[in-house]
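Novice: One structure follows; several queries about it will come next.
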Amino acid sequence: MKKPLIPAHIAQGSVPAQFTSHDASALQALAQGKANDGQQKRALDWIMKEACGLPLWPYRESQRETDVALGRHFVGHQIAGVLKINISQLAKLESRGDSSNG
């Protein structure tokens, strides 16, 4: 027996990503530099999944909506890349004067 598909909320154009009071609290605590471990993780999870829409397919019915979704994805992929970068290698490159981070 097949499970029915559940439509995902897809923030588009002027429609912001959904959030809960727990998400807002975590993001505000993060911005104030007072977030605990759980709040830090929740804030980053919301940023990546909801604001950036990384788990969602970015292509939409209109080119404009696709462009907005791809912009969100780009930001998410930038963050994901920074989270995975070898910091010691980056520091070595910076100390040599190579500032091309890409």
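Novice: Ordered by packing density, taken as the mean number of other Cβ atoms within 10 Å over each peptide's residues, highest first, how do 32-42, 82-92, 46-56 rank?
Specialist: 46-56, 32-42, 82-92
Novice: Taking only DSSP H segments of four or more residues, each worth -39500 (n - 2.57), what value at 222 nm results for the chain once the sum is divided by all its residues, to the nearest 500 deg cm²/dmol?
Specialist: -16000 deg cm²/dmol
Novice: Looking at this model, which pairs from K41/K84; K2/K41; K34/K84 are more than 26 angstrom apart at the alpha-carbon?
Specialist: Table pairs above 26 Å Cα-Cα are K2/K41.
Readers should treat all values here as calculations from the given coordinates under stated rules, not as data from a laboratory. This is a predicted model, so every value here is computed, not measured. No Cβ is skipped: glycine too gets one built from the backbone with ideal geometry, and neighbour counts run over all protein chains shown.
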